[in-house]
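The values are calculated or read from the model by the stated rules, or taken from the named source; none is laboratory data. On a predicted model such as this, the values are computed, not experimentally measured, just so you know. Here the Cβ positions follow ideal geometry from the backbone for every residue, glycine too, while neighbour counts run over all protein chains shown.
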Amino acid sequence: MNIDTVSCIEQRDLAADSPPFRLPSDLNSPSPSRYRPYSLIHISDPHLSRQYYREHLKSFKKLLRLIQLEGCDHLVISGDIVSTADPDDFFLARELFSHFSLLDSSKLTVVPGNHDIFGGPHRAVDILSFPQHIRAVDYHRNHALFREAFRETFHGVTFFDAKESYPFLKRVGPFMIIGLNSIPPWSVRSNILGTNGFLDDRQIEALQSLSESPLLRNAVPIIVLHHHFNDIVADGISDNSFWRLIESRTMRLRGRRRLLKVFKSLNVRYVLHGHIHRNEVYERSGILLSNGAGAVCDDPVRYLKYNRLTFDNGECRIATRLLPIPFEESVAPLRYVRSRTGLPLRSSQANGAVKSPSIQTLPQMS
């Protein structure tokens, strides 16, 4: 299928319900750079790994290539860049970004997801051992590993505290990106699987201090964090009561209403996030939220996609871009069977009648 046949979803709903956002008039200066179109691409949750989900890596490479072909001024990835929090996987991500010339603060912004800090279970047998594993995770070490792995993307940003990486401010084109860390430390009561989200008082206070700061003048503020603001069941993502229980205990961003009030006080128009594996643009309290976590895997619409935020002639628009390129499928594992003649074990492709090995790869968890 030709790439020129790319279609756009969500655009009709946004056009009907949310008119284009016009930038403040003081942004429309005579400078040519203020008038030129600017394109910010948002994706999330590629879950890169050398050992697991190799299909994600293949899909992600294709997506980055297509994004560059179509044109992109800045790329935002809102967490779960890797799947295991393993140094080798961070090195894999660095290699990939370097190959596409993205290890540059002017081209790429990243924030951590829960898999970047805690990893996650990837095989059926991991489910039993993961609760013990997560207790031993060095939270601060893995945050430092994340920042070091993508250190070039933090060059030139504004930090509120020399000892803390979040929040940070980064000016790109007409936008001011506010990067947040929504991954709290492990807690047996409030974050037993490492998948819940929360912003501590220090980050909230830093955000509130921006209301009187000149840093947000002449820019459109954009929040970037990992966790979602919608409900899995209430918003139709799942109609299963079991998932309602799971989400309420292990996959929620605590304090969402408080956060939205703080965002509105800063005149935030867009929030970019991931975590729930689907691409969508939805509204909360007058703010448009972009979920980019279905870009390369697990989304019910099994095609490569990204969310594009554009600035043109003083107006901003956001929409999901659906590409006519299907997700890479996982390669069926080899199965080992014994012939009827009693000869030694031989390998057979997975389309035989033999059961899969007892240790299997799980579907990707958020």
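Overview of results
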read-out	value
Every residue from region 304-329 that is among the β-branched types (Val, Ile, Thr), out of contact with any Asp or Glu (no Cβ under 9 Å at 6 or more places or on another chain) and closer than 18 Å to Ile222 by Cβ	Thr310
The lone exception for Pro87 - which of (1) farther than 14 Å from Glu152 by Cα; (2) touching a strand residue (DSSP E or B) at 6+ places or on another chain (Cβ under 9 Å) it fails	(2)
Criterion: closer than 17 Å to Ser44 by Cα, at pLDDT 95 or above and polar (S, T, N, Q) - qualifying residue of Ser78, Ser106	Ser78
Verdict on Asp161 being closer than 15 Å to Asp86 by Cβ, more than 20 Å from the chain's Cα centre (by Cα) and surrounded by fewer than 23 Cβ atoms within 10 Å (Cβ to Cβ)	no
Subset of region 107-147 that is of a type in the set (Val, Ile, Thr) and in a strand (DSSP E or B) - its residue that is farthest from His228 (Cα to Cα)	Thr109
Top-ranked residue in region 93-106 [being of a type outside the set (S, T, N, Q) and in contact with an Asp or Glu (Cβ under 8 Å, 6 or more places away or on another chain); ranked as surrounded by the most Cβ atoms within 10 Å (Cβ to Cβ)]	Leu103
Looking only at region 146-184, and only at residues there that are out of contact with any helix residue (DSSP H, G or I) (no Cβ under 9 Å at 6 or more places or on another chain) and of a type in the set (A, V, I, L, M), the one that is nearest to Ile276 (Cα to Cα)	Ile177
Unique residue being of a type outside the set (Lys, Arg), crowded, with 16+ Cβ neighbours inside 10 Å and at pLDDT below 90 when the list is Leu63, Leu57, Leu23, Leu40	Leu23
Total residues in region 199-232, condition at pLDDT 95 or above and in contact with a Ser or Thr (Cβ under 7 Å, 6 or more places away or on another chain)	5
Criterion: in contact with a His (Cβ under 7 Å, 6 or more places away or on another chain) and under 21 Å from Ser98 (Cβ atoms) - qualifying residue of Val172, Val157	Val172
Close pairs from region 292-303: first among the hydroxyl-bearing types (Ser, Thr, Tyr), partner surrounded by fewer than 17 Cβ atoms within 10 Å (Cβ to Cβ), Cβ under 6 Å, at least 6 apart	Tyr303/Pro326
Set Phe175, Phe130, Phe146: member being out of contact with any Gly (no Cβ under 9 Å at 6 or more places or on another chain), farther than 19 Å from Val220 by Cα and surrounded by 15 or more Cβ atoms within 10 Å (Cβ to Cβ)	Phe146
Residue tally, condition surrounded by fewer than 24 Cβ atoms within 10 Å (Cβ to Cβ) and within 10 Å of the chain's Cα centre (by Cα), over region 67-89	0
Scan of region 73-106 for residues that are assigned to a loop (DSSP other than H, G, I, E, B), within 22 Å of His140 (Cβ to Cβ) and not aliphatic (A, V, I, L, M), ordered by number	Ser78, Gly79, Asp80, Ser83, Thr84, Asp86
Top-ranked residue of region 178-201 - restricted to ones that are touching a residue at least 40 places away in the same chain (Cβ under 8 Å) and in contact with a Phe, Trp or Tyr (Cβ under 6 Å, 6 or more places away or on another chain), ranked as surrounded by the fewest Cβ atoms within 10 Å (Cβ to Cβ)	Pro185
Residue that is nearest to Gly79 (Cα to Cα) [pool: residues in region 266-293 that are at pLDDT 95 or above and of a type in the set (Gly, Ala, Ser)]	Gly274
